[in-house]
Amino acid sequence: MKLKTIESLIKKAGSAVVVEGADELWLGNGSMLAPVYEFRRLDDDQLRAVLNISEKEAEKISITRTGEIDLANDAPGEELLDLPLLTLEIEGRKYDAYASVDGICYVRTELLAPFLSDNGPTLLYRRKTDRGEVIAVKRGFLLAGLVQPSAVVTPNLLDTLGRLYEQTALRVAEKAAEPTLLSL
């Protein structure tokens with residue numbers, strides 16, 4: 001992922017997360033992390049300079065440093081995800097819905113898009129960690145990023161999806177009863 005993209009996501013979220021791995025630096029916005037191979041260590045002033053964060057913007061962006069995130073290429077029990085079932089737009093944000101053995105997980109499309117638009121085949125894996133679940137983005141066998149699934153399921157969403165299902169089922173039944181052009 002390009003540094004400019006990470007910068008944009010951090011500024012939009014108002015949050016920067018810094019993870020210093022053994023040999024690399026990872027940056028994110030609290031919902032995603034990506035490696036930044038150009039740097040190994042950055043103090044807060046250097047981070048703001050690299051991300052083109054002005055003094056005024058710096059007042060609105062919190063910086064969190066952590067080493068508690070597992071950046072291993074593989075994790076026990078991770079599950080390969082297939083293509084998204086569908087994309088939903090909820091309150092102006094798009095989410096891709098992925099099926100897994102534990103049910104559906106929703107991931108903000110804008111967080112995954114930069115990983116998917118980079119060159120090379122990209123695979124997504126659902127990982128369970130002691131801090132919750134995360135989507136591991138991989139190129140080949142190497143970890144290219146982490147994205148946090150979103151909690152978007154609300155009673156209102158379930159009601160809307162229920163109505164959509166009922167209307168779709170009704171239309172399918174009506175269509176089945178209609179003569180087709182070829183059957184005339």
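Of note:
- Of all residues in segment 89-102, those satisfying the criterion of being more than 14 Å from the chain's Cα centre (by Cα), part of a strand (DSSP E or B) and either touching a residue at least 24 places away in the same chain (Cβ under 8 Å) or under 19 Å from Pro114 (Cα atoms) (or both) are Glu89, Ile90, Ser100.
- Checking Leu112 against (1) farther than 19 Å from Lys138 by Cα; (2) without any contact (Cβ under 8 Å) to a residue 40 or more places away in the chain; (3) under 20 Å from the mean Cα position of the chain (by Cα), the condition it does not meet: (1)
- Selection within segment 28-43 - touching a residue at least 24 places away in the same chain (Cβ under 8 Å), closer than 15 Å to Ile61 by Cβ and part of a loop (DSSP other than H, G, I, E, B): Gly30, Ser31, Leu42
Yes/no per residue for (1) more than 21 Å from Val17 (Cβ to Cβ); (2) modelled with pLDDT under 85:
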{"position": "Ala75", "(1), (2)": "no, no"}
{"position": "Leu88", "(1), (2)": "yes, no"}
{"position": "Asp96", "(1), (2)": "yes, no"}
{"position": "Leu112", "(1), (2)": "no, no"}
{"position": "Leu146", "(1), (2)": "no, no"}
{"position": "Val153", "(1), (2)": "yes, yes"}
{"position": "Thr160", "(1), (2)": "yes, no"}
{"position": "Gln167", "(1), (2)": "yes, no"}
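- Some residue of segment 105-113 being buried (at least 17 other Cβ atoms within 10 Å of the Cβ) and part of a helix (DSSP H, G or I): yes
- Where strands (runs of 3 or more DSSP E) fall wholly inside segment 122-184, the ranges with 2 or more residues that are in contact with a helix residue (DSSP H, G or I) (Cβ under 6 Å, 6 or more places away or on another chain) and touching a residue at least 60 places away in the same chain (Cβ under 8 Å) are 142-147.
The values are calculated or read from the model by the stated rules, or taken from the named source; none is laboratory data. What you see is a predicted model; the values in this text were computed from it and never measured. With ideal geometry, Cβ positions are generated from the backbone for all residues, glycine too; neighbour counts draw on all protein chains shown.
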